[in-house]
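Novice: Dropping a structure here in structure tokens format, bear with me for questions.
Read-outs: derived from the displayed coordinates by stated rules, not from any lab. These numbers come from a predicted model, not from an experiment. Don't worry about glycine lacking a Cβ; one is built from the backbone with ideal geometry, like all the others, and counts go over all protein chains shown.
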Amino acid sequence: MNPSTAPVLLQREGGIAWLVLNRPSALNALDMPTANAFLACCEELAADPSVRAVVLKGEGKAFGVGGDLAALRNDPAATAMALIGPLHRAVLLLTSMDAPVIASLHGSVAGGSMSLSMACDLAIAADTTRFNLAYVNVAASSDVSGSWHLPRLVGLRNAMAIALLGDSFDAAEALRLGLVNRVVPAIALQEETDALARRLAGGPTLAIGRMKRLLRQSLDNSLETQLDLERDNFRASAGTADFAEALNAFFSKRAAHFSAK
């Protein structure tokens, strides 16, 4: 398959990887080839310690409109199961890898694509972006981690309104709710995303990975369990070359140069 026509593109530059949903003619709707390709790319990234930051974005006019409804018309239950499986495995990989994952959002962000964006560690959106969880509008419940991430990001009452009413809302409202970290002019989205990715890629990747997993686990753990995990992870971090470099840089009054080791 010609890389330019693959449903998902994986592009690299140094320690930064761009994971690009590439069905622009279908507004990046998630069908079986896309789900399988997405999982394969996530497996490749999760197995590569040289990856220091990942950017998830969509080609064309939209980040993504969720599941491909045309693909679901024939034998919807079986098709849904085949589609959900690889996407759920991909979410587990993205949330557990050391490298931070940034969602770069524009156009429509709906359904399973919105769920996928919420699974990322950080999100930056163009000011023209429109969001809609949308499942209720097609008489479906959520998938791709939407029901897990949404209440954690916006609180239960807001999550109920977003999920049960199926209304669209803009980037400013997404920022107010905590669904995105930053809203920028559409013309600046690529530049701002690249700057954020470079900043994170230059950070202490192993420590970032430990921190993101601690934060994700925290709402499901008791305080005692979380304190134990914090102790164990700090001890592991203190034994890394990056920790030693950070201390040397601090006392030498210079910028640290991290190696993810």
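Novice: How far apart, in nm, are the 7 Å Cα→Cβ label points at residue 259 and residue 220?
Specialist: Inter-label distance under the simple model: 3.5 nm.
Novice: Once Lys and Arg get +1 and Asp and Glu get -1 on their Cβ, which of 244, 233, 206 lies farthest toward the positive end of the dipole of segment 205-252?
Specialist: 206
Novice: Name the shape class, rounded, prolate or oblate, that the alpha-carbon gyration tensor gives for segment 144-261, where a ≥ b ≥ c are the square roots of its eigenvalues, rounded holds for a/c under 1.5, and otherwise prolate holds if a/b is larger than b/c and oblate otherwise. Write out the running numbers ahead of the final one.
Specialist: Numbers: a/c = 3.49, a/b = 1.43, b/c = 2.43.
The shape class here is oblate.
Novice: Please figure out what share of the DSSP beta bridges in the chain is antiparallel and state it in percent, rounded to the nearest 5. Please report the intermediate quantities before stating the final value.
Specialist: Details: 8 of 29 bridges.
Percent antiparallel among DSSP bridges in the chain is about 30.
Novice: Still on this model: Residue-wise, which Karplus ³J(HN,Hα) couplings in Hz belong to segment 73-78, taking 6.51 cos²θ - 1.76 cosθ + 1.60, θ = phi - 60°, and x for glycine or proline?
Specialist: With coefficients 6.51, -1.76 and 1.60, one gets 5, 9, 6, x, 5, 5 Hz.
Novice: Excluding same-chain residues fewer than 8 positions from residue 261, which lysines have a Cα within less than 20 Å of its Cα?
Specialist: 212
Novice: Per DSSP H run of n ≥ 4, the term is -39500 (n - 2.57); total these for the chain, divide by its residue number, and report the mean residue ellipticity at 222 nm rounded to 500 deg cm²/dmol.
Specialist: Working: 10 runs with 125 residues, N = 261.
Using -39500 (n - 2.57) per qualifying helix, the result is -15000 deg cm²/dmol.
Novice: Then there's this: Using only Cα atoms, figure out Rg for segment 126-182 and give it as a multiple of 2.2 N^0.38 Å. Before the final figure, lay out the partial values.
Specialist: Details: Rg = 10.9 Å, N = 57, 2.2 N^0.38 = 10.2 Å.
Normalised Cα radius of gyration, segment 126-182: 1.06.
Novice: Using a 7 Å offset from the Cα along the Cα-to-Cβ direction at both residue 4 and residue 167, what is the distance between the two label points in nm, to one decimal?
Specialist: That separation, rounded to one decimal, is 4.3 nm.
Novice: Just one of (i) 61, 46, 36; (ii) 57, 47, 34; (iii) 55, 38, 37 is Cα extents along the principal axes in Å as worked out from the coordinates here. Which one is it?
Specialist: Matching the structure shown: (i).
Novice: Next question. How many angstrom separate the Cα center of segment 63-94 from the Cα center of segment 1-41?
Specialist: 15
Novice: Farthest toward the dipole's positive end in the chain, which of 67, 223, 117, given Cβ charges of +1 (Lys, Arg) and -1 (Asp, Glu) about the Cα centre?
Specialist: 223
Novice: Which value, in debye to the nearest 20, describes the size of the charge dipole of segment 111-176 about its Cα centre when Lys and Arg Cβ atoms bear +1, Asp and Glu Cβ atoms bear -1, and nothing else is charged?
Specialist: Values: 4 positive and 6 negative charges, 34 e Å.
In total the dipole reaches around 160 debye.
Novice: Highest mean first, how do 157-165, 70-78, 145-153 rank when packing is the count of other Cβ atoms within 10 Å averaged over residues? Spell out each step's value before the answer.
Specialist: On the way: 157-165: 15.3, 70-78: 11.6, 145-153: 19.4.
Packing order, densest peptide first, comes out as 145-153, 157-165, 70-78.
Novice: Moving on. Treating the beta-carbon of each Lys and Arg as +1 and of each Asp and Glu as -1, no other charges, what is the dipole magnitude of the chain about its Cα centre, to the nearest 20 debye?
Specialist: Details: 23 positive and 25 negative charges, 92 e Å.
The dipole of the chain has a size of about 440 debye.
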